[in-house]
2 protein chains.
Amino acid sequence: MASARRISGPCQAWPEDSAFIREVLDRIGDKWTVLTIGTLSAGAMRYSDLQASIPGISQRMLTQTLKHLERDGLITRTAYAEVPPRVEYALTDLGRSLRDAVVALAGWAAAHHGEIARNRAASELTGVGRGKAALRASAD
Amino acid sequence: MASARRISGPCQAWPEDSAFIREVLDRIGDKWTVLTIGTLSAGAMRYSDLQASIPGISQRMLTQTLKHLERDGLITRTAYAEVPPRVEYALTDLGRSLRDAVVALAGWAAAHHGEIARNRAASELTGVGRGKAALRASAD
DNA sequence: CGGGATCCTACGGGATACTG
DNA sequence: CAGTATCCCGTAGGATCCCG
């Protein structure tokens, strides 16, 4: 098992400038951005549909997330001058490319979350990665 | 440019169960985890070396990050019974696989951060994605 | 319907001091 | 050296009310 270190390529080099990583993580690391992109993945949707499709999101966060995504050119916002007003949001090509990247990351998560869960459960028994207070608590 | 929509595959389907995505984002979405993994990418290091190599991290956050990574089996912690004490941290195979996944994401960021920056700058002029207060402020 | 403005709270996370 | 414990503050983000 130790010989199967690398699947593709000799060694994935860590980028010298890790600023790019933080840039994308600052965007998708928050609680709602990824869910919003994923929901829009199905096609253009209006504000109220998004709020209904993303369980637990507040309009404050939905509005903010949509604005950030629009600013970065990941989604488009189209307002129709009707009554009642209608606003539709849709992924741009750039947004779709980010979605694809996130899907790839989700692939890693799906492949390894079982292993991670097992490791975490094992640590729970061993006491690894916990403070002494937690150890004392579990001893009570 | 609009014809180059998809690079590989017909359409990256969004995972039905997006729980995996949140799982990995909850891990790498914070401020320090990715930097820690990237630093350990060079090889095993001790606590003080990590603190020196990750500019701006506090021992509180370094300790916490290391504990979480150890719990999930992404890094190993080896304490040598010496004086002065020495503790070394190293990526596991699982940790390396996560690093590779993050490097892939960084690839996306590197490829598109220019476009994003341009979009954001354009929005700055247009007023897209900003509140009316911000528009008024820029008008002063 | 699609938000904007405001209030309030929980928590991430920095600074500092202490311990084995 | 390698942490732990405590204090403290800024901000993400939920709840609520209001407006075009």
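Each reported figure results from applying straightforward, stated rules to the coordinates on display, with no laboratory input. Since the model is a prediction, treat every value here as computed from it, not as a measurement. All Cβ positions, glycine included, derive from the backbone under ideal geometry; neighbour counts span all protein chains shown.
Size descriptors for region A:16-139, from the alpha-carbon set: Rg then Dmax equal 19.6, 65 Å.
Counting Cβ atoms of other protein chains within 10 Å of each Cβ in B:60-67 and taking the mean gives 1.
Sorted shortest first, the separations between the A:Arg120 label point and its copies elsewhere in the assembly read 3.0 nm; each point sits 7 Å from Cα along the Cα-to-Cβ line. Partner shielding of B:91-102 amounts to 5, given as the average count of beta-carbon atoms from other chains within 10 Å of each residue beta-carbon.
Taking a cut-off of 14 Å between Cα atoms, list the aspartates and glutamates near A:Lys31, but don't count ones fewer than 8 places away on the same chain. Hits, sequence-local ones excluded: B:Glu23, B:Asp26, B:Asp30. With the label put 7 angstrom out from Cα along the Cα-to-Cβ vector, A:Arg86 ends up 7.0 nm from the copy partners, going from closest to farthest.
Let me know the shape class of region B:71-111, please: from the alpha-carbon gyration tensor, a ≥ b ≥ c as square roots of the eigenvalues, rounded when a/c is under 1.5, otherwise prolate if a/b is greater than b/c, or oblate.
It comes out prolate by the Cα gyration axes.
When you restrict to C-alpha pairs under 8 Å that are six or more residues apart and normalise by the size of region A:16-139, the relative contact order lands at 21 percent. When B:Arg46 is represented by a point 7 angstrom out along its Cα-to-C-beta vector, the spacings to that point in the other copies are 6.5 nm, nearest first. The Cα-based radius of gyration and maximum Cα-Cα distance (Dmax) for region B:43-98 are 11.3, 34 Å.
Close amide-amide hydrogen proximity is noted between A:Arg86 and A:Tyr80, each under 5 Å apart and 5 or more residues distant or on a separate chain (H modeled in the peptide plane; Pro and chain starts excluded).
Of all chain A residues, the one whose Cβ lies closest to the rotation axis that maps A onto B, given with that distance rounded to whole Å, is A:Gly29, 2. Peptide B:113-120 is shielded by partner chain Cβ atoms: per residue, an average of 4 of them sit within 10 Å of its Cβ.
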